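*Asks:* For reference, the structure I am asking about is given below.
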Amino acid sequence: MDRSTWLIIAGSALALFIVFKISLITYRRRKYPEPHYDWESIDTNQIHFPEGFIWGAATAAHQIEGNQKNNWTDFEIERGLERSGVACDHWSRWREDFELLSELGVSSYRFSIEWSRLEPVPGEWDDGVVKVYSDMVDDLLSRGIRPMPTLHHFSHPSWWEEKGGFSKKENLGEFVNYCERVFDSLSDRVETWCTINEPTVFSAMGYTLGQFPPGRRSIFLTLRVMRNMMRGHAMVYRSLKKKKGDCVLGIAKNVTLFDPANRWSPIDWPVARLLEWLWNGAWRRGIKTGRMLGSRIPDAKGSLDFVGLNYYTHFITGLFMPTSTEELSFAKREHEIATEFGYPMYAEGLRRAIEFVSELGVPIEITENGVADSEDSLRPEHLRRHIWVISEAIKDGLDIRSYHHWSLMDNFEWAEGYEMRFGLYSVNFETQERKLRHSGEIYRGIVASNGLTGHS
C-alpha cells in the first residue's frame, strides 16, 4: 500500500476512536449523572414524613466515652496525635446525655459498644462494663427510645490489634465471640443491631492512606481487610440469626460518591469509576452475590435485614489518585459550599446514595448524616437540604425508615482530634458543658412535627 492509503487508514482509525470515546463519555454522563439543584427555588421548609418515621441521633464509643485503652489510643501515642483523653466523659455522664436525647424528642439512638472495655485481656470479660451497657439500654427504653448498638465502630482491643485485627482471617473467630457475648447480654431488649461501621473507610484509612490505625500503606492489605470485614460481618450475621431469628441486623455503610473532575475528560472517567467500584460497588456485590474482590464469601449473600447508610459528600477526582493523607484534598464545584472538613456540601448526592443501596432490596436506615460546623452557620441549611432529599425519595417510593443525625454532640473526631464540631449540642471540653445549638432547635422542631414546616 502506498503512503496515501496508510494515511487514510490511520485517519479512519483515529476518527473511529474519537467517535468511540465521545460515545463512551456521553453514555457515562447519562448513566452516572451529577445533578445539582437550584436550591433557591426549592422550599425546604415544607417537608412531611410518613407516620412512624424514626428520628434519631448517633455517636460512637471512642469518640465520647473517654479514658479508653484500645487500638486508637495506642495510635494516638504512636503518631503524636491529639489524645482522645476524657473525650465527652460520657462513660460517667451517660444518664445526663440521655436527657439530651429526650430533650430532642428522638425515638432512636445509635451508639457503639466498646469491645476493649468488655474484654481488655483475651478471654477476661468485665461484667461491670456489661452492666453499664445494660443499664443504658434500660434507660433508653424507659424514655421510648430505640437502642441501636454498633458492635464495631473503628475501635477494638489493643491485644487484638497486635494479632493483626481484621488483616488476618484467623482472628475473626474472636470478633464473632465478642459479638455473641454482647448479643447474649442485650438481645432480650435490643432488636436492631449494626455489625460494623463503615468497613471501607476503616480499610482505606487504616491500610491505604495510613490515617487510621494501624497506619499502614498497602493496597494489598487494604483489599484483604475489606474482604475480611465482609467475612466478619457475614459470620456475625449468621451466628446471631441462629440465636434469635427475629433480630434485625444490618451494617452501616459509608457511600461516598466519586465524580470526574472534568465530565468530558476521557481520563477522569475511568479513575472515578474505579474508585466508585472499590469504595461502593465491590461491597454491594459482596452482599448481593457472595463474591467480593476475587474471593467467594457465600455467607455474605443476603446478610442484611436493613442497610445503614452514612452519607456526607462526593469526591471530585481526576487522573492522580491520592495514596497518602498529604496528597488528599477536596475539590468542589464552583457553586458548591465547602464545609469545615474541606469536602463540599452536596445534598443532591444523598439521593444518589439512597438509590445505590436501594438495589439491595432491604429497608434503608440513614445511620449518619451531618456536617462539621463550629459556628453553626451551615448546619441549619445542611439539615434542611438533606432532609428534603430524604422526603422526596420517600415520596418516590424508596423504603427509608429512619434518619440519625451525626452527631448528638461535639466529640473526638478521630485523626482530626477535637477541631471538627459535628454536634447538635456544643461541648465545652474544659467544663463538659453541653449546650443545644440553633441547628439542634431546628432538628427538635423537625422531630416534633415529623417534618419541616417553616422552621428558621
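*Asks:* Of the residues that make up region 282-289, is at least one among the hydrophobic types (A, V, I, L, M, F, W, C) and modelled with pLDDT under 95?
*Replies:* There is no residue in region 282-289 that is among the hydrophobic types (A, V, I, L, M, F, W, C) and modelled with pLDDT under 95.
*Asks:* Suppose we filter Lys288, Lys253 for residues that are basic (Lys, Arg), within 21 Å of the chain's Cα centre (by Cα) and not in a helix (DSSP H, G or I); which single one remains?
*Replies:* It is Lys253.
*Asks:* Out of (1) surrounded by 24 or more Cβ atoms within 10 Å (Cβ to Cβ); (2) within 11 Å of Phe166 (Cα to Cα), the odd one out for Asn197 is which?
*Replies:* (2) is the only condition that Asn197 fails.
*Asks:* Can you tell me which of Arg217, Arg227, Arg231, Arg284 is over 26 Å from Trp160 (Cα atoms) and touching a residue at least 60 places away in the same chain (Cβ under 8 Å)?
*Replies:* Checking each option against the conditions leaves just Arg284.
*Asks:* Does any residue of region 329-346 turn out to be in contact with a Phe, Trp or Tyr (Cβ under 7 Å, 6 or more places away or on another chain), basic (Lys, Arg) and over 30 Å from Leu240 (Cβ atoms)?
*Replies:* no
*Asks:* Quick check on region 191-209. Is at least one of its residues out of contact with any Phe, Trp or Tyr (no Cβ under 7 Å at 6 or more places or on another chain), among the hydrophobic types (A, V, I, L, M, F, W, C) and modelled with pLDDT under 95?
*Replies:* Yes: one or more hits.
*Asks:* Can you go through Leu240, Leu278, Leu274 and tell me which one is surrounded by fewer than 20 Cβ atoms within 10 Å (Cβ to Cβ) and part of a helix (DSSP H, G or I)?
*Replies:* Criteria check complete, one pass: Leu274.
*Asks:* Report yes if some residue within region 217-230 is among the small types (Gly, Ala, Ser) and surrounded by 15 or more Cβ atoms within 10 Å (Cβ to Cβ); otherwise report no.
*Replies:* No, every residue in region 217-230 fails to be among the small types (Gly, Ala, Ser) and surrounded by 15 or more Cβ atoms within 10 Å (Cβ to Cβ).
*Asks:* Hey, among Val182, Val190, which residue is over 27 Å from Trp279 (Cβ atoms), in a loop (DSSP other than H, G, I, E, B) and among the β-branched types (Val, Ile, Thr)?
*Replies:* Being over 27 Å from Trp279 (Cβ atoms), in a loop (DSSP other than H, G, I, E, B) and among the β-branched types (Val, Ile, Thr) holds for just one of Val182, Val190, which is Val190.
*Asks:* Would you confirm, using the coordinates I've provided, whether Arg384 is buried (at least 22 other Cβ atoms within 10 Å of the Cβ), over 17 Å from the mean Cα position of the chain (by Cα) and in the same structural domain as Tyr443 (by TED's automatic domain parsing)?
*Replies:* Yes: the conditions hold for Arg384.
*Asks:* Which residue out of Glu359, Glu334, Glu355, Glu375 is modelled with pLDDT under 95, surrounded by fewer than 18 Cβ atoms within 10 Å (Cβ to Cβ) and assigned by TED's automatic domain parsing to the domain that holds Asn411?
*Replies:* Glu334
*Asks:* Shifting gears a bit: In this structure, is Phe258 out of contact with any His (no Cβ under 6 Å at 6 or more places or on another chain), at negative phi and assigned to a helix (DSSP H, G or I)?
*Replies:* So Phe258 fails the test.
*Asks:* Separate question: Of the residues that make up region 71-85, is at least one at pLDDT 95 or above, under 25 Å from His438 (Cβ atoms) and assigned by TED's automatic domain parsing to the domain that holds Arg146?
*Replies:* Checked against the condition, which is being at pLDDT 95 or above, under 25 Å from His438 (Cβ atoms) and assigned by TED's automatic domain parsing to the domain that holds Arg146, region 71-85 yields no hits at all.
*Asks:* State all residues of region 55-80 that are crowded, with 19+ Cβ neighbours inside 10 Å and out of contact with any helix residue (DSSP H, G or I) (no Cβ under 6 Å at 6 or more places or on another chain); if no residue qualifies, say none.
*Replies:* Once the filter is applied, which keeps residues that are crowded, with 19+ Cβ neighbours inside 10 Å and out of contact with any helix residue (DSSP H, G or I) (no Cβ under 6 Å at 6 or more places or on another chain), region 55-80 yields Gly56, Ala57, Ala58, Thr59, Ala60, Ala61, Gln63, Thr73, Phe75, Glu76.
The values are calculated or read from the model by the stated rules, or taken from the named source; none is laboratory data. Owing to the predicted nature of the structure, the values given are computational and were not obtained by experimental measurement. Virtual Cβ from ideal backbone geometry, glycine too; neighbours counted across all protein chains shown.
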